[in-house]
Amino acid sequence: MNFLDKYKIENEKRMSIFTQKQKRILALMCLERQFYTYKKLAKGKIWSSIEQYRELLDKFWMIILNDLEADDSIWYFHEKIRSDNLCNEIEYTFDLCIANIFANHIEEWLDYLIDEPIYEEAFRLLTLDFILAYLNEDEDESIEYDKFKNHPLIVKEIKRQIQDETDMKKIINFEDAKNWYNQCIGIF
């Protein structure tokens with residue numbers, strides 16, 4: 001069993017004490033860290049959608065914090081972000097690859113919000129996958145997870161996820177969420 005499988009089991013135990021709303025907040029906290037990193041990679045690039053993703057994440061916060069139903073309009077908003085950035089002449093770079101992973105995680109989140117409650121705990125694991133993809137830049141497609149288990153980025157993210165469990169309890173309304181994400185530090 002690799003370290004990611006072990007963390008999955010540990011994560012499930014820790015998450016089992018939280019309500020669905022709390023789990024959703026924890027998942028959004030992970031997406032916010034990915035977004036912070038996306039902003040660093042996307043700044044000044046032709047494919048940047050920083051403002052649009054900020055607006056989309058704010059919509060997520062409002063839906064979760066106000067116990068609202070998500071509808072297809074939020075999905076179409078994301079589709080517009082993605083289609084606005086499809087350029088034939090775009091150079092495929094590692095930064096763009098990592099940014100696409102973030103966009104795919106946003107799509108996973110949209111599926112989760114709109115269609116059916118799924119496995120909220122998975123979003124914390126997706127953040128570790130985001131880091132592993134970054135660390136595995138020069139490798140082939142397969143990742144030897146245990147090779148990275150003590151890497152500072154992985155260790156730091158696991159600590160942040162545990163800290164999120166305390167910080168999450170302080171997020172009652174959108175202003176609290178904005179205060180948290182404005183102080184948020186990205187993954188790398």
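Could you count how many residues in the stretch 145-164 are in contact with a Phe, Trp or Tyr (Cβ under 8 Å, 6 or more places away or on another chain) and not aromatic (Phe, Trp, Tyr)?
5
Residues that are surrounded by 13 or more Cβ atoms within 10 Å (Cβ to Cβ) and either in contact with a helix residue (DSSP H, G or I) (Cβ under 7 Å, 6 or more places away or on another chain) or at pLDDT 80 or above (or both): does the stretch 85-93 have at least one?
no
From the residues in the stretch 1-21 that are of a type in the set (A, V, I, L, M) and surrounded by 14 or more Cβ atoms within 10 Å (Cβ to Cβ), which one is modelled with the lowest pLDDT?
The qualifying residue modelled with the lowest pLDDT is 4.
Looking at 24, 54 in this structure, which one is under 13 Å from the mean Cα position of the chain (by Cα) and surrounded by fewer than 21 Cβ atoms within 10 Å (Cβ to Cβ)?
Residue meeting the stated conditions: 54.
If residue 155 passes every condition in (1) over 15 Å from the mean Cα position of the chain (by Cα); (2) in a loop (DSSP other than H, G, I, E, B); (3) surrounded by fewer than 16 Cβ atoms within 10 Å (Cβ to Cβ) but one, which one does it miss?
Going through the list (1) over 15 Å from the mean Cα position of the chain (by Cα); (2) in a loop (DSSP other than H, G, I, E, B); (3) surrounded by fewer than 16 Cβ atoms within 10 Å (Cβ to Cβ), residue 155 breaks only (2).
Would you check which residues across the stretch 136-152 are surrounded by 10 or more Cβ atoms within 10 Å (Cβ to Cβ) and out of contact with any Leu (no Cβ under 7 Å at 6 or more places or on another chain) and list them?
136, 139, 144, 146, 147, 149
Within the stretch 160-172, is there a residue that is β-branched (Val, Ile, Thr) and buried (at least 19 other Cβ atoms within 10 Å of the Cβ)?
yes
If the requirement is being aliphatic (A, V, I, L, M), at pLDDT below 90, over 26 Å from residue 49 (Cβ atoms) and in a loop (DSSP other than H, G, I, E, B), which of these qualifies: 143, 118?
Exactly one of 143, 118 is aliphatic (A, V, I, L, M), at pLDDT below 90, over 26 Å from residue 49 (Cβ atoms) and in a loop (DSSP other than H, G, I, E, B), namely 143.
Return yes when residue 65 is under 30 Å from residue 152 (Cβ atoms), at pLDDT 80 or above and not polar (S, T, N, Q) and no when it is not.
no
Quick one: would you say residue 48 is among the hydroxyl-bearing types (Ser, Thr, Tyr), surrounded by fewer than 18 Cβ atoms within 10 Å (Cβ to Cβ) and closer than 17 Å to residue 103 by Cα?
Answer is yes for this residue.
Go through the stretch 23-59 and count every residue that is without any contact (Cβ under 8 Å) to a residue 24 or more places away in the chain and either of a type in the set (A, V, I, L, M) or in a helix (DSSP H, G or I) (or both).
Adding up the residues that qualify gives 5.
The values are calculated or read from the model by the stated rules, or taken from the named source; none is laboratory data. If you're wondering where the values come from, they're calculated on a predicted model, not measured in any experiment. So basically every Cβ, Gly included, is an ideal-geometry build from the backbone, and we count neighbours across all protein chains shown.
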